[in-house]
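**Student:** Please read through the structure below; I'll follow up with questions.
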Amino acid sequence: MLFFLGVLIVVVGVALSIALHEIGHLVPAKRFGVKVTQYMVGFGPTVWSRRRGETEYGIKAIPLGGYVRMIGMLPPRPGDKPGELRTLSTGRFSQMVDQARADSMEEVKPGDEDRVFYKLSPGKKIVIMLGGPIMNLVIAAVLLTGVITLYGLPQVAPKVGLLSPCVPTTAPTLQVPQPQCKPGDPVAPAKAAGLQERDRILSVDGKPISAWDQVTAAIRDSKGRPMTWVVQRGDRKVSVSITPAVIDRATYDAKGDPVARNGQPVLASMGFAGITPGQELVRTPITQAPGFVWDRVVDTAAIIVNIPQKMAGVFQAAFGSQERDPNGPISVVGVGRIGGEVAALDIPADEGGNWVKLAQLILIIASLNLALFVFNLVPLLPLDGGHVAGAIWEAVKKGWARLRHRPDPGFVDVAKGLPIAYGMSLVLITMSVLLIYADIVKPIKLFG
């Protein structure tokens with residue numbers, strides 16, 4: 001039941017995000033006088049619709065997008081009269097473009113000639129087309145700011161997270177810099193000393209501990225001598241004696257990659273207790289929220305830039321034995337599944353319980369909005385960024401003509417980019433189908 005509730009929350013969040021994205025286009029379009037005939041959330045058959053004034057508002061069956069239909073998105077071909085269109089082209093793409101122009105002009109009724117999109121100034125076109133992505137950015141910023149300031153983000157704390165069961169005796173390699181336990185390996189010192197998960201470390205050898213780095217430094221430099229730890233366990237303080245083992249461990253550079261020499265990892269002898277840090281929620285001051293949101297935008301952009309490369313791995317995983325990359329792209333189906341897994345997690349009340357799950361679901365929806373924001377800025381039709389690029393080019397041409405005292409060059413013929421739009425649409429549909437299939441047959445599982 002909780003699984004389906006999580007899926008439902010994500011689906012509703014996606015639908016609302018799409019609806020608000022389209023409102024970001026709708027409101028400025030109406031403000032600038034463009035005639036908007038349809039506002040739809042979803043694609044496919046219409047499930048529900050109502051007409052208010054000149055606009056039909058509705059919901060369609062497939063919640064994978066939405067659209068606002070504005071009349072006159074495409075200008076007449078140069079030399080044609082507005083409202084009329086020659087159809088003398090012979091090439092396949094030319095015929096497709098001419099048909100698109102004809103369809104666009106059919107919506108222009110008598111009296112609507114000055115309410116078409118293509119006659120707007122470049123600045124107004126940019127405002128309308130950026131309205132949708134900006135709305136997604138605002139949604140993401142509000143959700144992220146709310147979570148990090150009111151709830152907090154998990155950060156490494158001086159407390160026990162997981163305990164290793166053993167001291168690994170297998171030598172590290174570049175492929176396996178941190179070897180796993182094998183039968184016969186000795187018990188890890190922290191586990192043998194009776195340390196428990198969620199113990200908060202108060203002091204080591206009498207020195208107060210306020211950060212995890214102090215704990216790792218003390219273990220690393222112990223050189224196998226006994227250490228006395230004082231930990232907070234529930235409502236009492238417990239003293240624990242730990243004697244770290246001395247083992248050779250791989251060293252890492254500033255990027256977190258193993259340091260290598262002659263194809264072998266560079267090892268260093270250091271203390272080992274067999275403990276990983278725990279985490280606790282720390283609220284972020286609201287003054288730091290803009291920087292946090294910007295970092296998430298940059299991270300999202302990096303992921304989207306690498307999507308073509310990642311899709312190869314998705315294909316191999318879907319039709320082969322390769323595992324899915326947990327940091328790779330997923331479809332709405334995959335996002336819904338992750339939302340269900342989050343809702344179904346068994347988190348004790350003293351560790352946050354349902355609040356933790358709600359925060360994670362909100363972060364998922366925020367991440368989706370960031371993806372919609374960045375992806376729609378790609379300067380290719382049919383994405384919003386393609387129309388923005390056309391408007392910017394129109395502004396440049398008009399500005400250059402004014403500087404040279406030349407006649408107004410007129411509107412940029414974005415219809416010439418329709419072949420690219422058709423190809424881009426085919427690519428997007430193919431990617432969506434592949435991702436949905438992969439999310440069904442070999443889903444990404446973040447929680448085991």
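The values are calculated or read from the model by the stated rules, or taken from the named source; none is laboratory data. Being a predicted model, the structure only gives us computed values, none of them experimental. Glycine also receives a Cβ, built like all others from the backbone with ideal geometry; neighbour counts cover every protein chain displayed. Areas reflect the complete protein model, heavy atoms only, side chains present, ligands, DNA and RNA absent. Shrake-Rupley method; radii C 1.70, N 1.55, O 1.52, S 1.80 Å.
**Student:** Please work out if Pro379 is over 26 Å from Ala318 (Cβ atoms) and modelled with pLDDT of 80 or more. Steps first, please.
**Tutor:** Details: over 26 Å from Ala318 (Cβ atoms): yes; modelled with pLDDT of 80 or more: yes.
So Pro379 fits the description; yes.
**Student:** Checking Gln264 against (1) within 29 Å of Ile444 (Cα to Cα); (2) touching a Leu at 6+ places or on another chain (Cβ under 9 Å), only one condition comes out false. Which one?
**Tutor:** Only one criterion is unmet by Gln264, namely (1).
**Student:** Would you confirm, using the coordinates I've provided, whether Gly334 is open to solvent by less than 50 Å² (accessible area, probe 1.4 Å) and more than 17 Å from Asn369 (Cα to Cα)?
**Tutor:** Details: open to solvent by less than 50 Å² (accessible area, probe 1.4 Å): yes; more than 17 Å from Asn369 (Cα to Cα): no.
The answer is no for Gly334.
**Student:** Take the residues in the range 125-175 that are of a type in the set (S, T, N, Q) and in a helix (DSSP H, G or I), then tell me which one is farthest from Pro277 (Cα to Cα).
**Tutor:** At the first step, the residues of the range 125-175 found to be of a type in the set (S, T, N, Q) are 136, 145, 149, 155, 164, 169-170, 173, 175.
This time we only want the ones that are in a helix (DSSP H, G or I), so: 136, 145, 149.
Details: Asn136: 35, Thr145: 26, Thr149: 23 Å.
Looking at the filtered set, the residue picked out is Asn136.
**Student:** Of the conditions (1) farther than 30 Å from Gly313 by Cα; (2) modelled with pLDDT under 80, Lys397 clears all except one; give me its number.
**Tutor:** Condition not satisfied by Lys397: (2).
**Student:** Something else about it: Take Pro379 and decide whether it is open to solvent by less than 80 Å² (accessible area, probe 1.4 Å) and out of contact with any Pro (no Cβ under 7 Å at 6 or more places or on another chain).
**Tutor:** Values: open to solvent by less than 80 Å² (accessible area, probe 1.4 Å): no; out of contact with any Pro (no Cβ under 7 Å at 6 or more places or on another chain): yes.
For Pro379, the condition - open to solvent by less than 80 Å² (accessible area, probe 1.4 Å) and out of contact with any Pro (no Cβ under 7 Å at 6 or more places or on another chain) - is not met.
**Student:** Given the criterion closer than 30 Å to Lys357 by Cβ and aliphatic (A, V, I, L, M), identify the matching residue among Ala140, Ala218, Ala192.
**Tutor:** Numbers: Ala218 fails: closer than 30 Å to Lys357 by Cβ; Ala192 fails: closer than 30 Å to Lys357 by Cβ.
Going through Ala140, Ala218, Ala192 in turn, just one is closer than 30 Å to Lys357 by Cβ and aliphatic (A, V, I, L, M): Ala140.
**Student:** Identify, please: which residue in the range 258-296 is touching an Asp or Glu at 6+ places or on another chain (Cβ under 9 Å), open to solvent by less than 70 Å² (accessible area, probe 1.4 Å) and part of a strand (DSSP E or B) and is, among those, modelled with the lowest pLDDT? Write out each step before concluding.
**Tutor:** At the first step, the residues of the range 258-296 found to be touching an Asp or Glu at 6+ places or on another chain (Cβ under 9 Å) are 259, 267-271, 278.
Next, only the ones that are open to solvent by less than 70 Å² (accessible area, probe 1.4 Å) stay: 259, 268, 270-271, 278.
Among the residues that remain, those that are also part of a strand (DSSP E or B) are: 268, 270-271, 278.
Details: Ala268: 75, Met270: 80, Gly271: 83, Gly278: 84.
Top of the filtered list is Ala268.
**Student:** Next up: Just one of (1) of a type outside the set (S, T, N, Q); (2) modelled with pLDDT under 90; (3) out of contact with any Phe, Trp or Tyr (no Cβ under 7 Å at 6 or more places or on another chain); (4) closer than 30 Å to Thr287 by Cβ trips up Val147, so point out which.
**Tutor:** With (1) of a type outside the set (S, T, N, Q); (2) modelled with pLDDT under 90; (3) out of contact with any Phe, Trp or Tyr (no Cβ under 7 Å at 6 or more places or on another chain); (4) closer than 30 Å to Thr287 by Cβ applied to Val147, the lone miss is (2).
**Student:** Sticking with this structure for a sec: If I go through the range 212-245 residue by residue, how many of them are buried (at least 17 other Cβ atoms within 10 Å of the Cβ) and in a strand (DSSP E or B)?
**Tutor:** Total satisfying the criteria: 7.
**Student:** Applying the selection to the range 29-45, what residues are closer than 25 Å to Ile365 by Cα and either assigned to a helix (DSSP H, G or I) or open to solvent by 60 Å² or more (accessible area, probe 1.4 Å) (or both)?
**Tutor:** Answer for the range 29-45, where residues must be closer than 25 Å to Ile365 by Cα and either assigned to a helix (DSSP H, G or I) or open to solvent by 60 Å² or more (accessible area, probe 1.4 Å) (or both): just Phe43.
**Student:** Still on this model: Which of the numbered conditions does Ala61 fail, given that it passes all the others? Conditions: (1) out of contact with any Pro (no Cβ under 7 Å at 6 or more places or on another chain); (2) open to solvent by 30 Å² or more (accessible area, probe 1.4 Å); (3) of a type outside the set (D, E, K, R).
**Tutor:** Only one criterion is unmet by Ala61, namely (1).
Here is a yes/no grid of residues against (1) within 18 Å of Phe272 (Cβ to Cβ); (2) in a helix (DSSP H, G or I); (3) open to solvent by less than 50 Å² (accessible area, probe 1.4 Å); (4) β-branched (Val, Ile, Thr):
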| site | (1), (2), (3), (4) |
| --- | --- |
| Gln178 | yes, no, no, no |
| Cys181 | yes, no, no, no |
| Lys191 | yes, yes, no, no |
| Leu195 | yes, no, yes, no |
| Ile201 | yes, no, yes, yes |
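**Student:** When you look at Ile330, is it over 37 Å from the mean Cα position of the chain (by Cα) and among the aliphatic types (A, V, I, L, M), yes or no? If you could, list the steps in order and put the result at the bottom.
**Tutor:** Details: over 37 Å from the mean Cα position of the chain (by Cα): no; among the aliphatic types (A, V, I, L, M): yes.
Here the answer is no, as Ile330 does not meet what is asked.
**Student:** If Leu20 meets every condition in (1) touching a helix residue (DSSP H, G or I) at 6+ places or on another chain (Cβ under 6 Å); (2) open to solvent by 40 Å² or more (accessible area, probe 1.4 Å); (3) on the phi > 0 side of the Ramachandran plot apart from one, which number is that one?
**Tutor:** (3)
**Student:** Among the candidates Asp253, Asp248, single out the residue that is within 28 Å of Gly194 (Cβ to Cβ), acidic (Asp, Glu) and surrounded by fewer than 18 Cβ atoms within 10 Å (Cβ to Cβ).
**Tutor:** Asp248
**Student:** Just a yes or no: is a residue in the range 409-424 under 26 Å from the mean Cα position of the chain (by Cα) and in a loop (DSSP other than H, G, I, E, B)? Show your work before the answer.
**Tutor:** Taking the range 409-424 as the starting set, the residues that turn out to be under 26 Å from the mean Cα position of the chain (by Cα) are 420-424.
Those still in the list that are in a loop (DSSP other than H, G, I, E, B) too: none.
No; the residues of the range 409-424 include none that is under 26 Å from the mean Cα position of the chain (by Cα) and in a loop (DSSP other than H, G, I, E, B).
**Student:** Pull up the range 135-172, narrow it to residues that are closer than 26 Å to Thr243 by Cα and of a type in the set (Ser, Thr, Tyr), then point me to the one that is nearest to the chain's Cα centre (by Cα). Steps first, answer last, please.
**Tutor:** Residues of the range 135-172 closer than 26 Å to Thr243 by Cα: 156-172.
Of the ones still in play, those that are also of a type in the set (Ser, Thr, Tyr) are 164, 169-170.
Details: Ser164: 32, Thr169: 40, Thr170: 38 Å.
Taking the candidates together, the pick is Ser164.
**Student:** Now for a different question. Condition check: among the aromatic types (Phe, Trp, Tyr), within 27 Å of Lys159 (Cβ to Cβ) and modelled with pLDDT of 85 or more. Does Trp229 satisfy that?
**Tutor:** On the way: among the aromatic types (Phe, Trp, Tyr): yes; within 27 Å of Lys159 (Cβ to Cβ): yes; modelled with pLDDT of 85 or more: yes.
The answer is yes for Trp229.
**Student:** If I go through the range 355-374 residue by residue, how many of them are open to solvent by 60 Å² or more (accessible area, probe 1.4 Å), touching a residue at least 60 places away in the same chain (Cβ under 8 Å) and more than 9 Å from the chain's Cα centre (by Cα)?
**Tutor:** 1
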